[in-house]
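Structure first, then comments.
No lab work stands behind these numbers, since they all come straight from the coordinates. This is a predicted model, so every value here is computed, not measured. For neighbour counting, all protein chains shown are included, and Cβ atoms are generated from backbone atoms with ideal geometry for every residue, glycine included.
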């Protein structure tokens, strides 16, 4: 295969990957609008969003597994991890911000801008776990989402209390050095 053929195939794969994820994000956004209308509990909203994201990916599990491997490969033009301008990442962050708005979400004021990105990384972990979940109908993933999400959110919620300030300050400084907030 020539370099031109390889580049063309890579471009076509990236285009198909982008279309696959954007279609899923359209569905996810509609689902999240329904969730927002039903509850103001951020934890409930987030768990429902993650469950639905996994459900969408599960409809085309083999494709999702292949595409996810491309999305996390920093050498891939389809990488969403290293590409802060990724439309997939931006749209997901927009959805997460919508889930936060009008919910009971609360955190330290300086931590709040980082939360959508942190949750985006958490969702990536869940998807990675789901890819490797060989349990019947990926029931371990369902259990992980339901059990781990409250544990992930608890320190974020507790960060708003003054007694947590000494622990929160270095976390915020670290996040400022790694995560660019627009």
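Brief remarks follow.
- Full extension of the chain between residue 41 and residue 167 gives 42.8 nm of extra length, using 0.36 nm per residue less the Cα-Cα distance.
- Extension gain for residue 22 to residue 147 (0.36 nm times residue separation, less C-alpha to C-alpha distance): 42.2 nm.
- Remark: spin-label model distance residue 180-residue 109 equals 2.7 nm, labels positioned 7 Å along the Cα→Cβ axis.
- Here the residues 140, 89, ranked from fewest to most Cβ neighbours within 10 Å of their Cβ, fall in the order 140, 89.
- Here 68, 30 are placed in order of increasing Cβ neighbour count within 10 Å, fewest first, which gives 30, 68.
- Part-to-part distance (alpha-carbon centres) for the range 22-45 and the range 56-75, which is given in Å: 21 Å
- Highest-first arrangement of 93-99, 161-167, where packing means the average Cβ count within 10 Å: 93-99, 161-167
- Applying the Kirkwood pairwise sum to the alpha-carbon positions of the chain produces a hydrodynamic radius of 17.6 angstrom.
- Annotation: the residues 132, 51, sorted from fewest to most other C-beta atoms within 10 Å of their own C-beta, follow the order 132, 51.
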